[in-house]
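**Q** Supplied in structure tokens, the structure appears directly below.
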Amino acid sequence: DESSGYESESAERSAAAGGTRGRQRRARTAFTSEQVCRLEKTFQRQKYLGATERRKLAAALQLSEIQIKTWFQNRRMKLKRQI
């Protein structure tokens, strides 16, 4: 096995083989049952949230706006798969 002499070559190989490199992924959010219930009720009323509604819901549930946005995206995809 020949090497080009670059030290980063082995790191690139391990990254290509599934190793983590660079920024770590964020841990999965464990929503409480109360949060899920509120999110589901909101989703039943409206499938898409505007910025204002997302901000209010995030504050009420003590979650970030990105977590709310991602939850709604995932929930719409779940609905699409069910249909």
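**Q** Going highest first, how would you order 58-70, 22-34 by mean Cβ packing within 10 Å?
**A** Descending mean neighbour count gives 58-70, 22-34.
**Q** Next question, about the same structure. I'd like to check one number: the per residue accessible area of the stretch 31-80, probe 1.4 Å, reported in Å² as a whole number.
**A** Accessible surface, normalised per residue, equals 68 Å².
**Q** Excluding ligands and nucleic acids, what accessible area in Å² is computed for K41 using a 1.4 Å probe, to the nearest 10?
**A** Counting only protein heavy atoms, the figure is 120 Å².
**Q** Net charge around L57, counting only other residues with Cβ within less than 9 Å of its Cβ (Lys, Arg = +1; Asp, Glu = -1)?
**A** Summing Lys and Arg as +1 and Asp and Glu as -1 gives +2.
**Q** Taking all protein chains in place and a 1.4 Å probe, what share, in percent, of the accessible surface of the stretch 31-80 do carbon and sulfur account for?
**A** Roughly 53 percent, rounded to a whole number.
**Q** One quarter of the convex hull surface, Cα atoms only: what value does that give for the stretch 31-80 in nm²?
**A** Dividing the Cα hull surface by four gives the mean projection, 3.1 nm².
The values are calculated or read from the model by the stated rules, or taken from the named source; none is laboratory data. Not measured: the values here are computed from a predicted model. Glycine also receives a Cβ, built like all others from the backbone with ideal geometry; neighbour counts cover every protein chain displayed. These accessible areas exclude ligands, DNA and RNA; they are computed on the full protein's heavy atoms, side chains included. Shrake-Rupley method; radii C 1.70, N 1.55, O 1.52, S 1.80 Å.
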